[in-house]
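Derivation of every value follows stated rules applied to the coordinates shown; laboratory data play no part. Fair warning: this is a prediction, and the values are worked out from it, not measured in the lab. Every residue, glycine among them, receives a Cβ derived from its backbone with ideal geometry; neighbour counts consider all protein chains shown.
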Amino acid sequence: MSKPNMRADKNPMPAQDPKVRAHNFNEVATGYSEEAALDEANRCLNCKNMPCVSGCPVNVRIPSFIEKIKEGDFEGAYAVITETSSLPAVCGRVCPQETQCEQRCVRGIKGEPVGIGRLERYVADRHNENSKESPAAPEWNGHRVAVVGSGPSGLTCAGDLAKKGYKVTVFEALHTAGGVLVYGIPEFRLPKAIVAKEVDTLKALGVDIETNVIIGKTLTVDELFGAGYEAVFIGSGAGLPNFMNIPGESCNGVYSANEFLTRSNLMKAYLDDPKTPIMKGGKVAVVGGGNVAMDAARTALRLGAEKVYIVYRRSMEELPARREEVEHAMEEGIDFRLLCNPVEILGYKNENDPRDPKNGFVTGITCIKMELGEPDASGRRRPVPVKGSEFTLDVDTVVMAIGTSPNPLIKSTTEGLEVNKRGGIIVNEDGLTTRKGVYAGGDAVTGAATVISAMGAGKTAASAIDRALSGN
Amino acid sequence: MYRIITKKILNPTVTQMEIEAPLAAAKARPGQFIILRVDEEGERIPLTVAGTDPERGTVKIIFQVVGATTELLNRKQQGEYIQDFAGPLGVPTHTEGIKNVCIVGGGVGCAIAMPVAQEFHRLGARVTSIIGFRSRELLILEDEFRECSDSLTVMTDDGSYARQGNVTVPLKEMLEGGERFDMIITIGPLVMMKFVTLTAKPYGVPVTVSMNPIMIDGTGMCGGCRLTLNRDGERITKFACVDGPDFNGYEVDFDEAMSRGRMYFEFERKAHAETCNLLKEAK
């Protein structure tokens, strides 16, 4: 074995120039070259105790796939990753590696950890570019399983079960499969062609995807059992957007992040001549500090905004978004107004002319400055308003990216399915709900979280469903 | 893909179609809606269910050509297909305990009011219907209403057919004359529903209104369809797609809903004009 590369820094991720990418929807990070991938792989020490693997919600055998890269066996690396992950090209792009696998990397003690996410992406992209053959559907084992929702948890659960020979039908309420990967995460961070490719791989494994079926409305969970499905996995995702309940939130130009991103991503309002309208240009304030807030802010910029603010009530240290997204947003010129909290959204009102078309549209957002007090229940320091520090930002559009509450449709039509006080479906360690044969995972259980944690939940449930149905 | 089984022109701007969608047809109840996309690149629009035939597996929709999407939908012929058709969505109209109901429909809103009137008739309630249109040319569904109503009043704004005036005129006369409706259900333009509510208020009759705000997913995800209710001195945000589309008329903030409805007015106007021009050129 050759000596490891002991350079302290990761190979940087090549990216589009910030000035250029701020005006297009092409992917920001362009991916490693083969040379960079080999060089980065050689930074891995192949530790015996594999701390990185325990940091991965789906336990990808990280040192093994990196060893394959070192050998130049990229297909072998892909095979190792797909033993445990159904969506490698997605995870390599959207996982918060800095708080998962890479956080535990020994190389991170002195310098930067190995760029595990970047390597995963390289392997997956290389496979997708070169491999023409689709996986063959395994022989049917005689069992049927229904999966509700085609987001990361549902796709993972479906993929794992299909590989074991189950006949799986995925029911999707929208017209396109992919869930948050399609309606939520923008093209510049996760190209839709990649999601479509992952969905096609599942179809090749024999998974049926039924779009335009809203479980809880078009069909109920009980009807799925009646139709011969022996288990149901609910991965219906996050639901209704939260608002702040401050004056002016119903003004025209105030969006939830879900609406803003759905219009742009799923409905392609970012195109020059869209069929679905969206507010473009002007000044935009995005309220919140998570990945969704970063996505909304950077989308607004690309839609032609002259100025985009992030308004977040805590400080940079508490900002929950993936580090790389925050850095990219800053490079692109997003103006971070930290330790600020909105108190009112201002709307235009022409007292003399009730028919003035500008009436009811946003003109600004009034915020109050905050300071950090004692830690709260979440362990983060609680932000407290600074008296008399109100100020107004002139904006035309406000996007509220402050989380969601679980969707009520399935709960309200499924007897015996219990939810917690926040509306999340209650499950045990196997993902089993309070209803026999009904499993759940992802945001429908936890409230808004990450793609990879949803995938982990889909995986856990798939394994529990397999044990229950196969009798092993 | 979902096949158009029948198509019928009801008036110069209103069309009725029956769409083959067996799952939705088996489930849809009066008051619920569906979401459709005409083609691959199309926008999602909500349309209220105007009837179902579970045996044939069809859902009836009635729409007014007001924008680019309804223009494209209207160009589709019997036997052709539309891209997506999902539903039913929303909560069905509540019918329990209502023995004497007044249905007030305005314009294309009558298409939604009709299955509600039919349902009450089927359940044995006394049905009084008041339907209003701008002019005779725009009148729709008169025969259908007559069939399921114990009493029917037709109004036109310009007096070109039946009685001239707003729907609130006969409603007020009936209430003044001592009619004791258990419920008034009104479906039509926001301004009409607002005034129906105001007319009923002095008589203490409950009013249900059917809201039709801007929507995208229709499944409780985007929040675009939010509206505000004034309840016990509090302002409460509700989502028409999962909490509605029916709401207590006395609680709805109509002025806010009207303002929100105008959000994309300019975009819609341009898109409609462009679509019409494109289609003309294509001819």
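Of note:
- The lysines within cross-link reach of residue A:10, meaning a Cα-to-Cα straight distance under 27 Å and a gap of 8 or more places when in the same chain, are A:19, A:48, A:68, A:70, A:110.
- With a cut-off of 12 Å on the backbone N, no residue of the range B:106-124 is near the modelled label site 7 Å out from residue B:180 along Cα-Cβ.
- Efficiency of FRET from Cβ geometry, residue A:316 and residue B:123, R₀ 60 Å, rounded to 0.05: 0.45
- The Cα atoms of the protein assembly as shown cover 96, 67, 57 Å along the three principal axes, with the biggest extent listed first.
- Mean separation of Cα contacts under 8 Å, 6 or more apart, over the residue count of the range A:18-130: relative contact order %: 30 percent
- From least to most packed, judged by other beta carbons within 10 angstrom and beginning with the fewest, A:310, A:452, B:45, B:98 follow the order B:98, B:45, A:452, A:310.
- Between the range A:33-69 and the range B:114-162, the Cα center-to-center distance that results, in Å: 71 Å
- Every helix of 4 or more DSSP H residues in the protein assembly as shown counts as -39500 (n - 2.57), and over all residues that averages to -8500 deg cm²/dmol at 222 nm.
- Label-to-label distance, nm, for residues given as residue B:147 and residue B:26 (7 Å Cα→Cβ offset): 2.6 nm
- Chain A: DSSP helices with Cα axial extent of at least 15 Å and average Kyte-Doolittle hydropathy no lower than 0.0: A:74-84, A:152-163, A:192-204, A:291-302, A:451-470
- Here the range A:316-382 and the range B:217-239 have alpha carbon centers that stand 22 Å from each other.
- FRET efficiency, 1/(1 + (r/R0)^6) with R0 30 Å, evaluated for residue A:306 and residue B:278 via beta carbons: 0.45
- Residue of B:129, B:259, B:160 that the Gaussian network model of chain B assigns the largest fluctuation, springs spanning Cα pairs under 10 Å: B:259
- Residue of B:261, B:90, B:188 that the Gaussian network model of chain B assigns the largest fluctuation, springs spanning Cα pairs under 10 Å: B:261
- Placing pseudo-labels 7 Å out from each Cα toward the beta carbon at residue A:449 and residue B:270 gives an inter-label distance of 4.4 nm.
- For the range A:442-459 and the range A:172-213, distance of Cα centres in Å: 16 Å
- Along chain A, the longest continuous region that contains none of the trypsin sites (Lys or Arg not before Pro) in a DSSP loop with at most 11 other C-beta atoms within 10 Å is A:133-354.
- Taking the Cα centre of the range A:18-130 as origin and assigning +1 to Lys and Arg Cβ atoms and -1 to Asp and Glu Cβ atoms, the resulting dipole is close to 420 debye.
- The residues neighbouring residue B:258, those whose beta-carbon lies less than 12 Å from its own, together hold a net charge of +1 under the Lys/Arg +1, Asp/Glu -1 convention.
- Legend: calculated FRET efficiency, residue A:71 to residue A:136, from the Cβ-Cβ distance at R0 = 25 Å, rounded to 0.05, equals 0.45.
- DSSP bridge pairs, the range B:93-205: antiparallel proportion in percent, nearest 5: 0 percent
- Selection from A:131, A:471, A:315 lying farthest towards where the dipole of the protein assembly as shown points positive, charges on Cβ: A:315
- Shape of the range B:93-205, Cα gyration tensor, a/c cut at 1.5: oblate
- More than 30 angstrom apart: percent of Cα pairs within chain B: 28 percent
- When restricted to Cα atoms, the range A:337-459 yields an Rg and a Dmax of 21.2, 63 Å, respectively.
- Inter-label distance, nm, simple model (7 Å from Cα along the C-beta direction), residue A:103/residue A:436: 4.0 nm
- Sorted by Cβ density within 10 Å, fewest first, the residues B:69, B:15: B:15, B:69
- Antiparallel DSSP beta bridges within the protein assembly as shown, as percent of all bridges there, nearest 5: 50 percent
- Assigned charges on the beta-carbon of Lys, Arg, Asp, Glu; the protein assembly as shown dipole about Cα centre (debye): 640 debye
- Where chymotrypsin sites (Phe, Trp or Tyr not before Pro) fall in DSSP loop in the range A:1-88, at most 10 other Cβ within 10 Å: none
- GNM flexibility winner over chain B from B:233, B:218, B:109 (Cα, springs under 10 Å): B:233
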